Structures are given as structure tokens and as C-alpha cells.
Amino acid sequence: MVANFQSGRLDDQRVTLSALPGIQNSSTGTKRENNTTSAPQIILTPASPAPPKKVCSRPSSPTLSEDDDLPYEEEIIRNPYSVKCWIRYIEHKQNAQKSVLNMIYERALKELPGSYKLWYNYLRERRKQVKGKCVTDLAYEEVNNCHERALVFMHKMPRLWIDYCQFMVSQCKITRSRRTFDRALRALPITQHPRIWPLYLRFAHNLPLPETAIRVYPAIRLAAVVNDENFVSKEGKSNYQLWHELCDLISQNPDKVTSLKVGAIIRGGLTRFTDQLGKLWCSLADYYIRSGHFEKARDVYEEAILTVVTVRDFTQVFDSYAQFEESMIAAKMETTSELGQDEDGDIDLELRLARFELLITRRPLLLNSVLLRQNPHNVHEWHKRVKLYEGQPRQIINTYTEAVQTIDPLKATGKPHSLWVSFARFYEDNEQLDDARTIFEKATKVNYKQVDDLAAVWCEYGEMELRHENYDQALRILRKATAIPARKAEYFDSSEPVQNRVYKSLKVWSMLADLEESLGTFQSTKAVYDRIIDLRIATPQIIINYAMFLEEHNYFEDSFKAYERGIALFRWPNVHDIWNTYLTKFIDRYGGKKLERARDLFEQALDKCPAKYAKTIYLLYAKLEEEYGLARHAMAVYERATAAVEPEEQHQMFNIYIKRAAEIYGVTHTRAIYQKAIEVLPDEHARDMCLRFADMESKLGEIDRARAIYSYCSQICDPRVTAHFWQTWKEFEVRHGNEDTIREMLRIKRSVQATYNTQVNFMSSQMLKATGTVSDLAPGQSGVDDMKLLEQKAQQLAAEAEQDKPKPKDKILFVRYVLRPSLRQATQINPSMQSDHLHCVIAEVQLEQKSVPTAVFGGLKDD
């Protein structure tokens, strides 16, 4: 290195940074003692160079090398990258001239630009050299340049920044000092900021003008507050609110707050407040937009929409992103129109429009990505993602591949096997059967959570082969699926993988049975059904299918054995369909040839049979006895059926019993059945039986029997409710009775009505005790006195009873019903008068008198 000395100062100290000694070799691959970090792109703003100062040259130049320096020079030549060698040389020359010492430091730093020790000692030496000189001396600027050169390599060393900032403050250069502090904060990690802030704040407080302090202090204080966990706001603001204010302040004033590293601050908030990522991302992008760095803002938006995990944050970022692109387009169009250029030929405008359209088109896909980041095991969202790539085969394949690799079947939401099936179906639709088979083979090895998932994969695999008419291949696949594994496991044993349990899957066995019936032999199909029954996974429908299969091949006894094996497997009510089909098939096959065996089967079926399912079997049993057995046996079956069925079906069962008994034995044989039905059935159905019983007796001429039945039934017929019964009885008495029987019927009616009234009065009294008033019994007359209501009701009942009494006449009287028009209207208005809408009117009928023939009297007639 050649150096020229003038007035004790190095001339190369005033050159630019790129020409400084040691800078050029900073990127070489040679070994250094301390590994240097990559230098940040720092734009240096040195003060304007002072005009050249004319200095008189010395009469003689200092000697560059002396005899006692030779050992050090030789050692440096041998070890140019040894810091110790240079330090020993520098210590040796401590008493030499300043220019010589500086030259040795420069030579050392050219070889070792990453040595912190050399830089620190060199800068300290240079500051000592200018101590006591005027701040306007050019030597200060040379020392500043030395600091700038050092910070190119040592920008992460807080000690150098502190010394440089203090040195700048001592020169009373306010703007450069503030910018140096700002650069220090931007360059150093946030953990080193507490070493810079006290100096910065002391510098701001000591300024004669407050503008600088005003611009720096709010952001500084907010930055300090948000990092203080013990800080409590007097206004009750949370730490997030303070952080949000700081972000708004620095993002909206990028040109005013240069002392803070905005990107690092906001990204720090992103790691702390994960529930408010949308606002923070928008603040960071807004900072770059206001700073004029539009591409950086776009990069921030892209990073945000690819990292947020909530729909709310995504919506905030996407809307802000779209608004930014719209504003860019609008600004470009406005600029183009002001310049009078043609918008159609503006490539930049077309590019911005295309970028905006692409952003809008990507929105569904980006939103789907957000949902998948929330839950990567969501099967439904993966299917939606595949649909979004419709028409892009490569993207679809990549999506399916990523989905099946990402989803954990044990954590999946939905049916993970459907992705494998859809993946294989995609290859099948594109006529790539080999690839589809590969996908299915891989799908059968996945450890699903449920056995049904693996069974569905096997079934879909077989159906794909069937669609392409590869029948033997389909049979081979399903036989492989149902093969007994080396390690058997129970179907519901979740500790075992599903591959060891799928052999008990009824879904796979059912499909195999269908294929064997269609494509296999009789023996292979029979073996499949037998295996299903042996594994005890059969259903009643499987049993019926098996028996029907055997019957189709004329193996009738084997089909009956299949029914019996199914009956042994199941209990009521699951066995109902098997019994019903078995008994029907057995009767159709043998009829009355094996009557005793059929009876035994029916008795076995009825043993422990619930009442809900007994009716069908009893009717089938009775039909067998009627057609092939004895009538009395059939009647006995009907008799048992009336007691075995549910109460709701007893009435219908009695009707069938009466009908069949009348057809076989005659109507007179039904009297005992009617009597039992009336005793057993509830009142509603007992009335119907009584009316039918009385009608039958009247048709047989048994008037007294019929009247007795009416009299018995009247005890369960409230006149106010069952007017039809009393109407029927009156019509019967009109046809077959006389005045006495009518009077007796009316007496019974009053007695029954009084009985029901007593019950109603008892209920009313109970209600009166509970409520304390009678007005609740007459809601429409709440204003009338309670006692007056009771008196009116008593008078009404007495009047009705008086009207019902027939008046004695000398003539023979008949009873006829006349409906009063006024009462007919009243029944339409007040339903409570239903029991009083008929009025019995005694009408006189004049009978013609004839003389009695003389033959009647014989000889007793008096002439």
C-alpha cells in the first residue's frame, strides 16, 4: 500500500468508501480471524467535502521502515491474517508519529476488515488524535469517515455505534447526530436498543429547539411503553391498544419517524398479537405505501394473505389489497389522461389491470387456503379446492397428492377415504386405469379411523373394475379384502389397525356375495354366505337373501336350514322378518303335508313374541288351520290372538274373530265372542260391539236380548257425548217397544245422566276448592254471581227432567223425535247443549175401531 503524507494526514482518508483500503477484499474467500457478517445496504450521507486546503509540505518525509521494524514486518509477511502479529507491531509503534501508526492500522484493517479489536483500537486512537481541536477542523471529518468505514463491517456492534453517536454529538451536528441515532436503532437488534435510547433521549432533551424532540419523542415513548410489561395506562388502554397506536403513528408518518425500525416493530406485534394480524399487516403495508415503496407493500400483502389463519384477518387484508390495486390503477389512469396519452396502448396500465383481475380471481382459492391453514385435516375443504382447479389437471393432481399426504385420518374432519376414491376416479375418468389401481392399492394401506372407510375403498375398487367389465379382477379384489389376516382382531377393537379388522366388514362381504351370485358358482356363493354366518356378522336381510338363493336353486331344505340358522342368531324384534318369511315359504312349499311341523314352527315363533309383532303370525297360523287343519284349532288361535296382540289391535282382532266364527259356525256362535269383547275392550270400542251385538240379536228376533244389551251398554254412554247410542236405542224402542219400555229407557237415561252430572259436580267442587271461584267454569260469564250460575244450572236440569216425563193419555201413544229449530241453532252456537238438542214429543195417534168377529166368542156371545 502506497501512502502519501501531507501535514501529518493521510490523503486517502478523503476518498469515497468504495475506494477505502480494505473494503475491496471484504467479499473475498480468504480466511479471517473473526467471521464478518454481511454488511447491510446503508446509504451514507457524509458532510460535503471541504475545499482543498493548501498545506506546506515538510522538508523531509518520515522513514517508513526502520531497522527495528524488520522483525515485525517479516512476521506480518509470514502471517498477514494474524491479529496478534498486527497488535504487537502496533504496540511497538505506539510512540511513533501519528501518520505512521495510522498507516499500520490501515494496513492491518485491509487484511483483516472483520476484526472488531483492530477497528475499536483504531477508532479510539483517531478520536484521541483530534481531541482538543476545533470541531470545524477537517480532521473530524476524516475520523467520521473512519467510523463510517468501520460500521460497514461492524454494524451489529453497539459499542461502535455508541462511540460514533457520542462523537457526533460532541461535534454539535444535530441533524447528522439524529440520523446516526436512527441508523443505530435500525441496524441493531431490538434487544440492544436500551443501550441507545438513553443517549438519544439525553441528546433530544438538550437541544435548544424542540422540533427534533417533538418528532422523536412520541414514537420513542410508545416504543418504550409497549415493551414494558409492568406499564399501566392511566386511561385504561391495553397493551394491544398502545401497540396499535404506535403502528398507526409510524405507518401514517413514515417521513417523520425515521429513528425507529418500523418493519421490525410491526412484525414484533405480529408475533405477540396473533388474534389481530389483519390490522397489523395492513399497517405495515400502509407504511410502505406512504413511503412510496409500492412493490414492498405488494409483497407484504402477498405474505399476509398467505399466512393469516382466520377469515376475518383474510377479509381485512384482501379488501385493503384490492383497494390498493384499485388506487394504483386510478392513479395511473389519471396520470395518463393528464399527459394526453392513449390508455389503450399503455402497457403499465394493462399490467396493473391484469394484476387486479388476477387478484379477484384468486380470492376463492386464497380463502380456501386460509380455511385449510385453520384445519389442514378438513376433507370437505380439500374437495372444494379440487373443484376450484377444474380444468387444470396438473393442479388437481398436485392438490390430491398434497391432501392425502397432509390429512391424518385419525384427526380428519369428514371421510378421508373419499379423497382417495376421488383421486382414483380422476385417473379413471382420464382413462388411466393403471394409475387409478395404484391409487386404490395405496389407499388400502392407510390406517383409517373407521373400518367402514377401508371397506368403502375396497368396494369402490371393485366397482371400478366392474365398470370396465374386469369381472375376474373385481372378484379377486373382494376376495383379497375378505381374506383372514394373520392377526385376527375384533371389529370394534380400536387398538388394532383397520386392515386387521376389515375381514369382518359386512359391506365388503355383501358386495362379494352379490358378485358371487352373479359371476361365481353355486358352491362359491354358498361358501360366502356360510362364512358370513360363521363370522356372526349377518343381518336378517342377509339370511333371507341366502335362503332365497338356495330356494332358487331348488335347495328347499337347505333354505329352511338357513332360516333356522338366522333365527338362532337373532332375537326379537330383529327375527320378525325371518320368521315371517320362513313361515310363509314353509306353508307355500308343504301346505298341509307337514302340518305338525308347521304347528311346531308357529309355536316356536310365538314363544316370547312381542305383542307388537304377534298379529301377523297369529293370522298366518289361523289361516293354516282353516285351510289345512281343524276349525276349532283356528278358533283357538283367534282366541289366543285377541289376548296376545297390543290393546290398539284388539278391536280389529275381535272383528276378524267374529267374522271368521260367523262364516264357519254361524252368527249364534259369536255371542260368546261379543260378550268377551265387550268385557275386554275399552269403552269406546265396547259401545261399538254392543251396538253390533244388539243389532244381531234384533235381526234374530231376540228383542229382549237386544234390550238387555242396550241397557247394559247405557251405563258407559254419557247422554251428552254419545247421542248416537241413545238415538239408536230410541229407534229400536219405536220399532219394537211400547210405552213402558220407552219410559224405562228414559228413566235409565236420566239415571245415567245424573250419574255423570254427579261426577261433573264432584270435579267442579274440586276445582272450586282449588281456585276459590266458579267463574272459571263459565269463562264467558265472569261478571255474573257464582251462586246465580249454580241456581240457573239446577233449574235448567230440572226443566229438562220435567220435559222428559211422558203425559198419560187414554190412547196408545208412540214416541217420535222432533228437532226444534231453535235448539238446532243453539247446538251450532253452544256445544254444551249437545245433550239437550233432542226433545221427545208425545203425539196422539187415533186408532180405527172395528167389531170383533163372533167366531171369537163362540157360544158365549150374547145375542
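The values are calculated or read from the model by the stated rules, or taken from the named source; none is laboratory data. These numbers come from a predicted model, not from an experiment. For neighbour counting, all protein chains shown are included, and Cβ atoms are generated from backbone atoms with ideal geometry for every residue, glycine included. SASA here: full protein model, heavy atoms, side chains in, ligands and nucleic acids out. Shrake-Rupley method; radii C 1.70, N 1.55, O 1.52, S 1.80 Å.
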- What accessible surface, in Å², does a 1.4 Å probe find on Met511, ignoring ligands, DNA and RNA and rounding to the nearest 10? 30 Å²
- Item | Given Lys387/Lys504; Lys445/Lys504; Lys411/Lys504; Lys128/Lys156; Lys526/Lys612; Lys384/Lys504, the pairs whose alpha carbons are separated by over 28 Å | Lys387/Lys504; Lys526/Lys612; Lys384/Lys504
- When every protein chain stays in place and a 1.4 Å probe is rolled, Tyr628, Tyr448 sorted by accessible area with the largest first are Tyr628, Tyr448
- Task: Compare the peptides 432-443, 539-550 by average per-residue count of other Cβ atoms within 10 angstrom and give them in order, highest first.
- Result: 539-550, 432-443
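Quick one: putting +1 on the C-beta of Lys and Arg, -1 on the C-beta of Asp and Glu, what dipole do you get for region 67-206 around its Cα centre, in Debye to the nearest 20?
The dipole of region 67-206 has a size of about 900 debye.
Counting Lys +1, Arg +1, Asp -1, Glu -1, what net charge surrounds Asp577 among other residues with beta carbon under 14 Å of its beta carbon?
Net charge in that neighbourhood comes out at +3.
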- Using amide H atoms built 1.01 Å from N in the peptide plane, name the residues 5+ places from Asn378, or on other chains, whose amide H lies under 5 Å from its own. Thr413
- Under the Karplus curve 6.51 cos²θ - 1.76 cosθ + 1.60, θ = phi - 60°, whole-Hz ³J(HN,Hα) for region 125-140, x wherever Gly or Pro sits: 5, 5, 5, 5, 5, 9, 5, x, 8, 6, 5, 8, 5, 5, 5, 5
- Task: For Asp472, Asp182, Asp695, write out the residues from largest to smallest accessible area, computed with a 1.4 angstrom probe and no ligands counted.
- Result: Asp472, Asp695, Asp182
- At a probe radius of 1.4 Å, what is the per-residue accessible area of Arg179, in Å² to the nearest 10? 120 Å²
- Note on the structure: Here region 720-732 yields Karplus 3J(HN,Hα) values (6.51, -1.76, 1.60; θ = phi - 60°; whole Hz; Gly and Pro given as x) of 6, 10, 9, 5, 4, 4, 5, 4, 5, 5, 4, 4, 4
- Counting alpha carbon pairs within less than 8 Å and at least 6 residues apart, what relative contact order, in whole percent, applies to region 67-206? 15 percent
- Carbon and sulfur together cover what percent of the accessible area of region 556-617 at a 1.4 Å probe radius? 47 percent
- Ranking Leu595, Leu349 from most to least accessible area with a 1.4 Å probe gives Leu595, Leu349
- Task: Give, as ranges by residue number, the residues of region 108-124 whose backbone N falls under 14 Å from the point 7 Å along Cα→Cβ of Arg195.
- Result: 116-117, 120
- Item | Over 31 Å between alpha carbons, listed pairs Lys133/Lys261; Lys98/Lys173; Lys507/Lys594 | Lys133/Lys261; Lys507/Lys594
- Message: Apply the a/c threshold of 1.5 to the C-alpha gyration tensor of region 285-361 and tell me whether it is rounded, prolate or oblate.
- Response: prolate
- With all protein chains modelled, accessible area of Ile407 [1.4 Å, Å²]: 20 Å²
- Task: List, in order, the whole-Hz ³J(HN,Hα) value for each residue of region 364-378 obtained from phi through the Karplus relation with A = 6.51, B = -1.76, C = 1.60 and θ = phi - 60°; use x for Gly and Pro.
- Result: x, 5, 5, 5, 4, 5, 4, 5, 6, 5, 5, 9, x, 9, 8
- Total charge of the residues flanking Asn500 in space, meaning their Cβ is under 14 Å from its Cβ, with Lys and Arg +1 and Asp and Glu -1, is +2
- Task: Over region 67-206, give the accessible area per residue in Å² for a 1.4 Å probe, as an integer.
- Result: 45 Å²
